[in-house]
Amino acid sequence: MTAFAERHGTALLLVLSTCILAAVPLVSGGLFNIDEVIYLLGAKTLAASGHLGIANGYPSYGSEALKLWLLSAGADGLVPQYPVGTALAGAPLYAAFGSHGLIVLNAAAMAGTLFVTRGLARTLYGDEGSALLAPLLLVFGSFALEYAFGIWPHGVSTFCVAAALLLALRSLDAEGRAGIARAMGSGLLVGLGFLFRLDTVLVLPLIAACVVLLARRPVATLAAGVAGMLPGLAVAAWANMVKFGTPNPLSYGQPQGGGTSSSSYVGLGVALAMAGLLLVALRLFRRSLLRRRVALAVLAAVALVLVLALLLAPGVRQALERLAQGFYVLVLDIRPIHDSRPGVVHAADGTVGFWGLYKKALGQSLPWLGLLPALFARRWGLDAWRGHAILLGGALLWMLPFLPTEWHGGLGSNMRYFLPILPLLAVLVARIWTGVLEPGGLAARERWLWPLIGAALVVAWSRVLPSGLGGAEQILPGYALAGMAFLAALTCLPRSLGLATLALGLARRGALVTVGMALALGPLLDLGAAQSRRIAIAREATQMLNLPAPALVIAPPEIMAPLIGRPGYLAAVPDRLSDEVDAGLVNRALDDGYKVFVANWLVPGLLASDRSVRVAAAGAGAGGTSRPVTEIVRAGGD
């Protein structure tokens with residue numbers, strides 16, 4: 001594969017990138033969820049008015065329902081709680097292409113991520129075969145494509161994280177201006193990503209650890225990286241001052257918005273600070289420690305005692321138990337999730353629905369992660385182990401903030417918060433494939449036959465077995481992940497044993513089967529489910545355009561998006577937990593001459609809680625029962 005990658009790798013990635021960009025006009029511009037509504041609203045409002053805020057009746061009525069769950073009240077009106085990057089970059093694109101303009105941002109970023117992923121593999125391993133295989137695995141063996149064709153900026157943040165890490169790694173051994181420029185470029189990308197998604201900063205512990213331990217000039221490299229971040233942080237601080245009246249670049253405009261409350265992460269921050277001090281000590285004293293084995297042994301003994309003491313402390317033990325439980329749920333099997341919200345439904349067949357979708361833990365989406373035990377089947381050199389540690393350690397560091405709370409990201413088919421670590425995992429598994437499994441032992445026809453079998457297993461399970469699609473997405477991949485891990489562990493047996501040779505052959509074929517399953521689960525099922533939802537929502541949103549004004553509309557924000565901020569219309573949402581409609585807002589709007597339209601499924605609850613209103617006569621106002629909303633009038637009115 002190395003020879004093919006050297007000759008055709010760039011051309012192949014260019015073709016794939018072109019295909020991703022060319023597909024943008026073909027995908028739906030419908031909104032997947034409330035998050036996308038808010039991101040789109042920021043770009044749309046900025047393009048139309050030059051401001052970020054809308055009134056939406058909040059100054060007059062003061063109802064929380066008018067804040068659409070994720071808008072915050074500021075000096076400029078109701079403003080998006082999310083960072084300003086999507087609005088700034090998306091406004092001109094929205095003006096030119098509508099909602100597809102924001103999809104262009106993610107598609108272009110994902111195309112760039114393919115080349116950055118190849119660059120990571122080249123930098124860490126110097127192997128052209130794995131450098132081509134890794135981006136192919138990212139496209140065809142993961143759920144990345146779903147976010148290439150989305151409106152929320154996960155694709156952009158993934159590119160920024162991967163590119164920042166690549167430049168940081170290339171700054172480690174560089175000298176002079178080249179090293180400083182790369183470090184500043186890395187910081188600039190982190191700052192840029194911060195303007196789109198705050199979780200971009202989760203790459204900083206990994207970058208800092210690499211610089212402290214491995215850089216030729218760690219202080220200068222760190223300083224250059226911090227300097228590179230400053231422009232992005234300055235823009236974020238300025239935007240939040242305009243929106244919320246605070247220069248805090250982390251603010252969401254509300255105390256607990258977006259999990260940005262610093263108090264939630266004090267323990268984790270202390271642990272990271274202690275780890276940072278340990279890394280600095282290792283950097284400063286590594287030579288003397290290596291020369292003095294007694295001192296090294298004493299230091300190791302002291303560290304062991306401290307670790308054991310911490311483990312025995314009840315608070316620490318409970319924190320570790322939460323981390324372990326979170327790791328199991330978010331990485332291995334989503335089904336034991338602790339989430340009591342009405343949209344999370346545990347079925348009798350062992351599957352769990354998330355607002356109608358079968359979400360998967362990371363390993364359920366990527367059963368080829370079962371190959372990781374095969375890392376220990378070969379004697380790697382020091383440089384290779386350094387690459388393994390960076391990739392695996394970076395993935396684990398990224399996961400840490402999400403594990404204690406089992407935060408899975410809400411509505412969706414996969415772990416969207418883990419999207420930025422997919423390039424790292426793809427590079428690592430690609431290197432295992434080329435360096436351990438020795439794929440030359442497979443016949444050419446097997447290289448496409450076994451992936452087809454894997455995809456066929458997913459389809460067959462969904463159609464034949466009682467658990468259906470849910471089982472195909474949550475139960476079958478769990479078996480595949482465990483089976484692949486078992487086969488990969490067997491490859492670590494001494495080659496002198498006949499079983500090791502058999503295990504190696506089975507692991508090769510099992511790896512291809514799991515890639516085929518990931519192809520069916522990600523680019524086919526996840527992307528297909530997302531597009532189906534977007535198409536359905538776009539159809540309902542189009543129907544809303546014909547509602548007469550002035551009107552108050554109470555419905556899911558996705559279908560109200562065309563009306564939000566439009567003159568003559570007020571948009572409101574039910575309570576996020578109870579689905580209760582603000583009856584007081586309904587009555588005040590009726591008193592002020594507004595027509596009121598409520599989502600069909602919310603009408604029974606409203607009528608039960610407020611006897612002063614009723615459904616309008618058939619055919620009036622909303623135009624019949626085919627629309628997603630029903631007109632509400634006074635009980636004594638016409």
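Can you run the Rg to Rh ratio on segment 348-412? Use alpha carbon positions and the Kirkwood inverse-distance Rh.
Numbers: Rg = 16.1 Å, Rh = 14.7 Å.
Computed over Cα atoms, the ratio is 1.10.
Considering the options Ala215, Met184, Leu585, tell which one lies farthest towards the positive end of the dipole of the chain, charges being +1 on Lys and Arg and -1 on Asp and Glu at the Cβ, about the Cα centre.
Ala215
Which values of log₁₀ I(q)/I(0), to two decimal places, follow from the Debye formula for segment 468-529 at q = 0.21, 0.24 Å⁻¹ with a uniform point scatterer at every Cα?
Log10 I(q)/I(0), no solvent term: -0.79, -0.92.
If packing is taken as the mean number of other Cβ atoms within 10 Å per residue, what is the order of 513-525, 583-595, 207-219, highest first? Don't jump to the answer; show the numbers that get you there.
Values: 513-525: 24.4, 583-595: 16.8, 207-219: 18.8.
In decreasing order of mean packing, 513-525, 583-595, 207-219 become 513-525, 207-219, 583-595.
Across segment 478-615, how large is the tail of the calculated P(r) beyond 20 Å, expressed as a percent of all Cα pairs?
On the way: 6079 of 9453 pairs.
Result: 64 percent of Cα pairs exceed 20 Å.
Over the residues of segment 23-115, compute the C-alpha Rg and express it relative to 2.2 N^0.38 Å.
The value comes to 1.17.
In segment 513-638, with Lys and Arg counted as +1 and Asp and Glu as -1 at Cβ, which of these residues, Gln543, Leu570, Ala617, has the Cα nearest the positive end of the dipole, that is, farthest along it?
Positive-end residue among those listed: Gln543.
So what's the back-of-envelope 222 nm ellipticity for the chain, counting only DSSP H runs of four-plus at -39500 (n - 2.57) apiece and dividing by all residues, rounded to 500?
Numbers: 25 runs with 370 residues, N = 638.
Calculated from helices alone, the mean residue ellipticity at 222 nm is -19000 deg cm²/dmol.
Just read off the accessible area of Ser60 with the full protein assembly in place, 1.4 Å probe, to the nearest 10 Å².
About 80 Å², ignoring ligands and nucleic acids.
If I histogram all Cα-Cα distances within segment 576-619 using bins 5 Å wide from 0, what percent of pairs lands in each bin?
The distribution over segment 576-619 is 5, 20, 34, 26, 12, 3, 0, given as percents.
Which order, highest average first, do 32-43, 71-82 follow once you tally other Cβ atoms within 10 Å for each residue and take the mean per peptide?
Numbers: 32-43: 24.4, 71-82: 21.5.
Order by mean packing, descending: 32-43, 71-82.
Any idea how far the Cα center of segment 493-548 sits from the one of segment 146-207, in Å?
That distance is 27 Å.
Just order 182-188, 480-486, 562-568 by mean Cβ neighbour count inside 10 Å, highest at the front, would you?
Details: 182-188: 24.1, 480-486: 20.3, 562-568: 16.3.
Highest mean packing first, the order is 182-188, 480-486, 562-568.
Give or take rounding to whole Å, what are the principal axis extents of the alpha carbon atoms in segment 313-423, in descending order?
51, 37, 24
Leaving ligands and nucleic acids out of the surface, order His8, His154 by accessible area at 1.4 Å, largest first. Each step should come with its number before you reach the end.
On the way: His8 80, His154 5 Å².
Accessible-area ranking of His8, His154, largest first: His8, His154.
Carbon and sulfur atoms: what percent of the 1.4 Å accessible area of the chain do they account for?
Details: 18230 of 27330 Å².
Its accessible area is 67 percent carbon and sulfur atoms.
In 10 Å bins starting at zero, report the fraction of Cα pairs in segment 28-79 per bin as a rounded %.
25, 53, 21, 2
On the first, second and third principal axes, largest extent first, how far apart are the outermost C-alpha atoms of segment 529-606 in Å?
Computed over segment 529-606, the largest-to-smallest principal extents equal 41, 29, 18 Å.
Quick one: Debye curve from the alpha-carbon atoms of the chain only, equal weights, vacuum; give me log10 I(q)/I(0) at q = 0.08, 0.09, 0.12 Å⁻¹ to two decimals.
With one equal scatterer per Cα and no solvent, log10 I(q)/I(0) is -0.64, -0.81, -1.36.
Kindly point out which whole DSSP H helices in the chain project their C-alpha atoms 27 angstrom or further along the helix axis while averaging a Kyte-Doolittle hydropathy of -1.0 or above.
Numbers: long enough: 2-22 (29 Å, 1.22); 100-125 (37 Å, 0.97); 176-194 (28 Å, 0.95); 218-244 (37 Å, 1.33); 266-291 (37 Å, 1.49); 293-312 (28 Å, 2.88); 498-519 (32 Å, 1.37).
Counting only whole DSSP H runs, the qualifying helices are 2-22, 100-125, 176-194, 218-244, 266-291, 293-312, 498-519.
Where the only charges are on Cβ atoms (+1 Lys, Arg; -1 Asp, Glu), what is the dipole of segment 385-507 about its Cα centre, to the nearest 20 debye?
Working: 7 positive and 4 negative charges, 47 e Å.
So the dipole magnitude of segment 385-507 works out to roughly 220 debye.
Put a dot 7 Å past each Cα toward the Cβ at Leu577 and Arg611; how far apart are the dots in nm?
2.9 nm
Write down the Kirkwood hydrodynamic radius of segment 345-483, to one decimal in angstroms, obtained as one divided by the mean of 1/r over all alpha carbon pairs.
Values: mean 1/r = 0.0591 Å⁻¹.
The answer is 16.9 Å.
If you wrap segment 142-217's Cα atoms in a convex hull and average its projection over all directions, what's the area in nm²? It would help to have the intermediate numbers written out before the result.
Values: hull surface 21.1 nm².
It is 5.3 nm².
Roughly how compact is segment 65-162, stated as its Cα Rg over 2.2 N^0.38 Å to two decimals?
On the way: Rg = 17.1 Å, N = 98, 2.2 N^0.38 = 12.6 Å.
Relative to the rule-of-thumb radius for its length, segment 65-162 sits at 1.36.
The values are calculated or read from the model by the stated rules, or taken from the named source; none is laboratory data. Remember, it's a predicted structure, so these values are computed and weren't measured experimentally. For neighbour counting, all protein chains shown are included, and Cβ atoms are generated from backbone atoms with ideal geometry for every residue, glycine included. Only protein heavy atoms, including side chains, enter the accessible area calculation; ligands, DNA and RNA are left aside. Shrake-Rupley method; radii C 1.70, N 1.55, O 1.52, S 1.80 Å.
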